[in-house]
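*Asks:* Take a look at this one; I'll ask things after.
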Amino acid sequence: MTRQTGVAARILQKTLLPVLLMSAGISAFFPMANAASTAAANPADSGIAGKKNNVSEFRRYLDEQVPLLQKKYGVPGISIGVLEHGKIGYVVQYGYADKKAGHKLDAASRFQAGSISKSVTAWGILRLAEEGKLSLDDPVGKHLGNRSIPGVETISEEVTIRRLLSHTAGLAPHPGYLGVEPGRELPTPEQSLAGAGMLNEPVKFAFTPGTEAAYSGAGYTILQMVIEEVSGQPFEDYMEKQVLLPLGMNSSSFGLSKEDRVSLTKAYGYFGQELPDYRFTERAAAGLITTAGDLIKLMQASLDTSKTGGSPLGRGVLAPDLVGEMQTPVLGENGLGIFSRSLPDGTTLLYHPGDNRGWHAFYGFIPESQNGLVILTNSENGIDLRQDVYHAWIRFETGALPEGAAALAQSRTLHQWVAYGLAAGLGIYLLLAALRIRSGRRVFLLNHPKPPCVRLLIRLIVLIVPGILLYLGAYRWSLIGLQSGLKNIALAVFAWLASLLVFGLFPKLPAKMQKKADAASLR
């Protein structure tokens with residue numbers, strides 16, 4: 001053994017091992033402390049069970065609990081808007097638009113709204129129907145001009161605009177759009193429908209139109225082409241002139257220019273890393289940039305608030321009967337660009353969530369009470385915060401948690417205990433490995449009489465490949481959903497991979513050499 005080799009082994013034993021042990025302890029403690037420190041932030045523990053509450057009490061709940069939930073989940077910024085009896089109750093912001101620069105959110109801060117874009121696009125299609133330029137029951141092929149759907153030679157007459165709007169046109173479920181980093185060329189809508197783009201899939205028809213509901217952003221990319229062909233304008237220009245500005249949504253845009261992105265907050269991944277401002281060819285499905293205040297205006301236009309000093313249904317952009325068609329389910333919960341579900345008190349919620357990489361949003365309103373809620377977050381972790389705020393609001397509105405709340409709580413608990421188990425197992429493994437190295441049963445690779453290079457190489461490959469894939473999917477590209485406690489499981493898996501990789505450099509001694517070492521230690 002050379003002097004340099006011995007020094008290296010001692011450095012690893014005296015410095016790296018304690019660091020690994022300490023890291024394991026932190027990883028084991030972190031999910032426990034993180035989950036326990038804000039138990040009161042759970043809507044179920046907020047002291048509102050069994051009664052309805054007014055909007056001012058909900059505001060107090062937000063002020064008390066949202067900062068705790070932000071810390072718990074790691075969400076830099078959230079904007080919340082509340083509609084009360086058809087009027088703006090309040091719009092509040094918590095946290096940062098830009099963590100690094102220390103810029104806090106304000107009323108002008110804009111967020112990507114994800115699939116809420118589909119609700120606004122539905123207004124654009126219905127506006128063309130209002131003008132008599134198309135009918136909702138027209139076959140979509142009638143309004144595509146010279147454009148076509150790649151891979152589809154003949155579009156069935158049963159594929160109507162109404163069915164595309166309601167996800168009942170027979171399209172196969174679509175995985176969703178991931179967007180393109182700034183500076184990279186965007187595909188055309190036709191290329192997108194052909195499958196261009198990261199993890200995108202070619203559009204295909206899998207069901208008889210009108211028989212099943214299958215959520216498909218691709219259907220809205222087709223509708224984007226319809227709007228451009230029928231209006232003769234770029235999609236974003238038409239939507240701005242005919243929908244956004246007439247509804248007073250002056251801070252909203254479907255555009256891609258730098259001017260369109262002014263006041264857009266930064267977006268963050270599950271681990272707090274800043275994400276790019278992903279752009280979308282498929283703007284009708286996922287490209288809306290907006291504020292909580294503007295989405296409140298969209299909700300107001302979806303309600304008849306004239307009796308309380310507001311505006312009539314449709315705000316003059318759409319006739320009331322068309323808004324009624326939009327809100328009427330075609331199949332199941334699927335309306336036209338919006339979903340409908342029954343709440344615990346028998347009232348109806350009309351809503352749409354939105355999810356882009358780095359952004360999670362929601363808007364929904366109850367026609368009977370004319371109350372509504374908007375949630376915009378600038379973090380992947382915002383999906384958990386969004387759910388907690390939504391559940392609390394439903395409980396304030398109805399006196400009970402909505403369907404699915406109990407299942408979510410059970411899922412979070414399960415993931416929490418899985419993370420505990422992985423962290424505890426890692427701690428035991430690290431302790432045993434350290435003891436074996438200390439006793440000489442395992443030695444540094446270069447100290448080994450016959451270094452097991454082949455086995456080490458296999459071990460490296462087996463550990464490094466999944467580690468890289470997990471890093472890229474969870475951190476670099478933010479492709480893996482890590483909500484509801486799955487992030488802590490991912491952290492534990494990362495720690496396991498790193499530990500196994502390091503301790504692979506300390507292979508076991510052969511049995512004969514181990515006996516000699518043990519005999520020597522007894523002398």
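*Asks:* Is there any pair with a first residue in segment 465-494 that is touching a residue at least 60 places away in the same chain (Cβ under 8 Å) and a second that is surrounded by fewer than 17 Cβ atoms within 10 Å (Cβ to Cβ) and part of a helix (DSSP H, G or I) whose Cβ atoms are under 6 Å apart and which are 6 or more apart or on different chains, and what are they?
*Replies:* Final answer for the pair search is Leu479/Gly473; Ser484/Ser411; Ile489/Val418.
*Asks:* Scan segment 377-394 residue by residue and report those that are of a type outside the set (D, E, K, R) and part of a helix (DSSP H, G or I).
*Replies:* Gly382, Ile383, Leu385, Gln387, Val389, Tyr390, His391, Ala392, Trp393, Ile394, listed by residue number.
*Asks:* Also, quick follow-up: Out of everything in segment 170-180 that is among the hydrophobic types (A, V, I, L, M, F, W, C) and outside any strand (DSSP E or B), what residue ends up being most open to solvent (accessible area, probe 1.4 Å)?
*Replies:* Filtering first and then ranking leaves Leu178.
*Asks:* Does Gly473 satisfy the condition of being in contact with a helix residue (DSSP H, G or I) (Cβ under 9 Å, 6 or more places away or on another chain) and either of a type in the set (S, T, N, Q) or part of a helix (DSSP H, G or I) (or both)?
*Replies:* Working: in contact with a helix residue (DSSP H, G or I) (Cβ under 9 Å, 6 or more places away or on another chain): no; either of a type in the set (S, T, N, Q) or part of a helix (DSSP H, G or I) (or both): yes.
The answer is no for Gly473.
*Asks:* If only one of Tyr351, Tyr363 is in contact with a Gly (Cβ under 8 Å, 6 or more places away or on another chain), free of Cβ contacts under 8 Å to residues at least 24 places away in the same chain, under 30 Å from Gly473 (Cβ atoms) and not in a loop (DSSP other than H, G, I, E, B), which one is it?
*Replies:* Result of the check over Tyr351, Tyr363: Tyr351.
*Asks:* Kindly check whether there is at least one residue in segment 158-169 that is open to solvent by less than 50 Å² (accessible area, probe 1.4 Å), farther than 19 Å from Ile338 by Cβ and of a type outside the set (Phe, Trp, Tyr).
*Replies:* yes
*Asks:* Looking at Gly255, Gly219, can you tell me which residue is of a type in the set (Gly, Ala, Ser) and either part of a loop (DSSP other than H, G, I, E, B) or at pLDDT below 95 (or both)?
*Replies:* Step by step, each of Gly255, Gly219 is checked, and only Gly255 is of a type in the set (Gly, Ala, Ser) and either part of a loop (DSSP other than H, G, I, E, B) or at pLDDT below 95 (or both).
*Asks:* Among the residues of segment 67-80, what is the count of those that are open to solvent by 10 Å² or more (accessible area, probe 1.4 Å) and small (Gly, Ala, Ser)?
*Replies:* 1
*Asks:* Being assigned to a loop (DSSP other than H, G, I, E, B), touching an Asp or Glu at 6+ places or on another chain (Cβ under 6 Å) and open to solvent by 30 Å² or more (accessible area, probe 1.4 Å) narrows it down to one of Gly197, Gly151, Gly183, Gly145, so name that one. Reasoning before the result, please.
*Replies:* Values: Gly197 fails: touching an Asp or Glu at 6+ places or on another chain (Cβ under 6 Å); Gly151 fails: touching an Asp or Glu at 6+ places or on another chain (Cβ under 6 Å); Gly183 fails: touching an Asp or Glu at 6+ places or on another chain (Cβ under 6 Å).
The match here is Gly145.
*Asks:* Here is a check on your reading of the model: is Val374 in contact (Cβ under 8 Å) with a residue 12 or more places away in the chain, open to solvent by less than 10 Å² (accessible area, probe 1.4 Å) and either of a type in the set (S, T, N, Q) or part of a strand (DSSP E or B) (or both)?
*Replies:* yes
*Asks:* Among the residues of segment 66-110, which ones are of a type in the set (Gly, Ala, Ser) and under 20 Å from the mean Cα position of the chain (by Cα)?
*Replies:* Those that are of a type in the set (Gly, Ala, Ser) and under 20 Å from the mean Cα position of the chain (by Cα): Gly74, Gly77, Ser79, Gly81, Gly95, Ala97, Ser109.
*Asks:* Now a separate question. Looking at Glu403, Glu397, which is the one that is closer than 30 Å to Ser117 by Cα and part of a loop (DSSP other than H, G, I, E, B)? Give the steps one after another, and end with the answer.
*Replies:* Working: Glu397 fails: part of a loop (DSSP other than H, G, I, E, B).
Result: Glu403 is the single residue among Glu403, Glu397 that is closer than 30 Å to Ser117 by Cα and part of a loop (DSSP other than H, G, I, E, B).
*Asks:* Out of Pro246, Pro209, Pro202, which single residue is touching an Asp or Glu at 6+ places or on another chain (Cβ under 8 Å) and assigned to a loop (DSSP other than H, G, I, E, B)?
*Replies:* Values: Pro246 fails: touching an Asp or Glu at 6+ places or on another chain (Cβ under 8 Å); Pro202 fails: touching an Asp or Glu at 6+ places or on another chain (Cβ under 8 Å).
After applying the criteria, what remains is Pro209.
*Asks:* In segment 382-392, is there at least one residue being open to solvent by 20 Å² or more (accessible area, probe 1.4 Å), more than 29 Å from Leu178 (Cβ to Cβ) and touching a residue at least 24 places away in the same chain (Cβ under 8 Å)?
*Replies:* The answer is no, given that none of the residues of segment 382-392 is open to solvent by 20 Å² or more (accessible area, probe 1.4 Å), more than 29 Å from Leu178 (Cβ to Cβ) and touching a residue at least 24 places away in the same chain (Cβ under 8 Å).
Condition check ((1) under 30 Å from Gly272 (Cβ atoms); (2) open to solvent by less than 10 Å² (accessible area, probe 1.4 Å); (3) at pLDDT 95 or above) across all residues:
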site: Val82; (1), (2), (3): yes, yes, yes
site: Ser115; (1), (2), (3): yes, no, yes
site: Gly124; (1), (2), (3): no, yes, yes
site: Gly141; (1), (2), (3): no, no, yes
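Residue-by-condition table, conditions (1) touching a strand residue (DSSP E or B) at 6+ places or on another chain (Cβ under 8 Å); (2) part of a helix (DSSP H, G or I); (3) surrounded by 16 or more Cβ atoms within 10 Å (Cβ to Cβ); (4) on the phi < 0 side of the Ramachandran plot:
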residue	(1), (2), (3), (4)
Ala284	no, yes, yes, yes
Gly293	yes, yes, yes, yes
Leu298	yes, yes, yes, yes
Leu313	no, no, yes, yes
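*Asks:* Looking at the structure I just gave you, is Leu303 assigned to a loop (DSSP other than H, G, I, E, B) and either open to solvent by 10 Å² or more (accessible area, probe 1.4 Å) or under 28 Å from Glu236 (Cβ atoms) (or both)?
*Replies:* yes
*Asks:* Which condition breaks for Tyr363 when tested against (1) open to solvent by 50 Å² or more (accessible area, probe 1.4 Å); (2) under 23 Å from Tyr61 (Cα atoms); (3) of a type in the set (Ser, Thr, Tyr)?
*Replies:* The one condition Tyr363 does not meet is (1).
The values are calculated or read from the model by the stated rules, or taken from the named source; none is laboratory data. Note that the structure is a prediction, hence the values are computed from the model and not measured. Please note: Cβ atoms are built from the backbone with ideal geometry, for glycine as well, and neighbour counts cover all protein chains shown. Just the protein is used for accessible areas: all its heavy atoms, side chains included, with ligands, DNA and RNA removed. Shrake-Rupley method; radii C 1.70, N 1.55, O 1.52, S 1.80 Å.
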